[in-house]
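Asker: This is the structure I want to talk about, given as structure tokens.
The values are calculated or read from the model by the stated rules, or taken from the named source; none is laboratory data. In this text, all values refer to a predicted model and were calculated from it rather than measured experimentally. Cβ sites come from the backbone with ideal geometry, for glycine too, and all protein chains shown count toward neighbours.
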Amino acid sequence: MKAQNKDELLEKTLSIIRKSPGIRPSELNRLLNIPHSWNLRKTLIKRGLIRKEKDGSAVRYYIAS
């Protein structure tokens, strides 16, 4: 993945989570049209921009407060 493409995907991921708080990884992957988004989510968590919460067996993503 090229740096520019990754930055664009990070921005798009952040935008989707802003519009759909509590989104699950599978929904995020579908909206991004990519098979896996764990690396993008991990980067955004490390940067303090999003947080993940367990909801029973599901994981959901929100904008960090």
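Asker: Looking only at region 44-55, decide whether some residue is surrounded by 13 or more Cβ atoms within 10 Å (Cβ to Cβ), assigned to a helix (DSSP H, G or I) and in contact with a Pro (Cβ under 7 Å, 6 or more places away or on another chain).
Answerer: Taking every residue of region 44-55 in turn, none turns out to be surrounded by 13 or more Cβ atoms within 10 Å (Cβ to Cβ), assigned to a helix (DSSP H, G or I) and in contact with a Pro (Cβ under 7 Å, 6 or more places away or on another chain).
Asker: Every residue in region 24-38 that is surrounded by 13 or more Cβ atoms within 10 Å (Cβ to Cβ), under 15 Å from L9 (Cβ atoms) and either in contact (Cβ under 8 Å) with a residue 12 or more places away in the chain or touching a Lys or Arg at 6+ places or on another chain (Cβ under 9 Å) (or both), please.
Answerer: Across region 24-38, the qualifying residues are P25, L28, L31, L32, I34, S37.
Asker: From the set of residues in region 27-52 that are polar (S, T, N, Q) and under 10 Å from the mean Cα position of the chain (by Cα), which is nearest to I63 (Cα to Cα)?
Answerer: Here the answer is T43.
Asker: Against the conditions (1) surrounded by fewer than 13 Cβ atoms within 10 Å (Cβ to Cβ); (2) modelled with pLDDT of 95 or more, where does N5 fall short? Just the number, please.
Answerer: It is condition (2) that N5 fails.
Asker: Quick one: Y61 ticks every box in (1) surrounded by 11 or more Cβ atoms within 10 Å (Cβ to Cβ); (2) assigned to a helix (DSSP H, G or I) bar one, so which box is it?
Answerer: Condition (2) is where Y61 drops out.
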